[in-house]
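The values are calculated or read from the model by the stated rules, or taken from the named source; none is laboratory data. Being a predicted model, the structure only gives us computed values, none of them experimental. Here Cβ is always computed from backbone atoms with ideal geometry, including for glycine, and neighbour counts include all displayed protein chains.
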Amino acid sequence: MKEFGKLTDKEFKELEAKHGDVFTLEVPFEIPERTKQYEKLCSDFDDAELDGKPTKELEKAVKELEKETFVVLFGYLKKPDRSTISMALANQDRDPLRAKEIILAKSWLAGDDRIKTDDDAFYSASSVLDVFYQVRSASLKKN
């Protein structure tokens, strides 16, 4: 699978040195322009299998196009500060997606911008962003 936006070890260490903890966001992504071509090629391959004549070239073409169609996008985030969490929580009840956009935008350090701009990539990424503002349990005791 191809990877887009992935930092080298050196680049990652530089981000960590500058921002402290850095979180890596990995988003599976299907490149829309290649999807139809991939589906057509798979259909051709299935037809060839039914006829008992799948060719090595066709099988190789399917595997190669699959690598070009299904990819992983990387993004790198810093831990959001209190003001970012506050903005996100203020939007959480009336517009949960906006809350996640805030977290992503304010925490973004580097990576493939399609995570922020493509709806499907954003929806995938947003499924894990809650971890930044989950309220943990505390206790209060009278002494």
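Quick notes
- Residue in the stretch 11-32 that is nearest to residue 79 (Cα to Cα), counting only those that are over 18 Å from the mean Cα position of the chain (by Cα) and part of a helix (DSSP H, G or I): 19
- Within the stretch 118-138, considering residues that are farther than 16 Å from residue 31 by Cβ and touching a residue at least 60 places away in the same chain (Cβ under 8 Å), the one surrounded by the most Cβ atoms within 10 Å (Cβ to Cβ): 125
One line per residue, one yes/no per condition, for (1) over 30 Å from residue 102 (Cα atoms); (2) surrounded by 12 or more Cβ atoms within 10 Å (Cβ to Cβ); (3) of a type in the set (A, V, I, L, M, F, W, C):
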residue	(1), (2), (3)
9	no, no, no
14	no, yes, no
30	no, yes, no
33	no, no, no
48	yes, yes, yes
60	yes, no, no
81	no, no, no
89	no, yes, yes
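- Residue check, residue 115 without any contact (Cβ under 8 Å) to a residue 40 or more places away in the chain, within 30 Å of residue 7 (Cβ to Cβ), surrounded by 14 or more Cβ atoms within 10 Å (Cβ to Cβ) and not aromatic (Phe, Trp, Tyr): no
- Verdict on residue 60 being out of contact with any Leu (no Cβ under 7 Å at 6 or more places or on another chain), in a helix (DSSP H, G or I), modelled with pLDDT under 90 and closer than 28 Å to residue 5 by Cα: yes
- Hits in the stretch 64-102 - residues which are touching a strand residue (DSSP E or B) at 6+ places or on another chain (Cβ under 8 Å) and without any contact (Cβ under 8 Å) to a residue 40 or more places away in the chain: 69
- Only one entry of 137, 86 meets the criterion of being farther than 27 Å from residue 7 by Cβ, modelled with pLDDT under 90 and not in a strand (DSSP E or B), and that entry is 137.
- Odd one out for residue 29 among (1) over 30 Å from residue 61 (Cβ atoms); (2) touching a residue at least 24 places away in the same chain (Cβ under 8 Å): (1)
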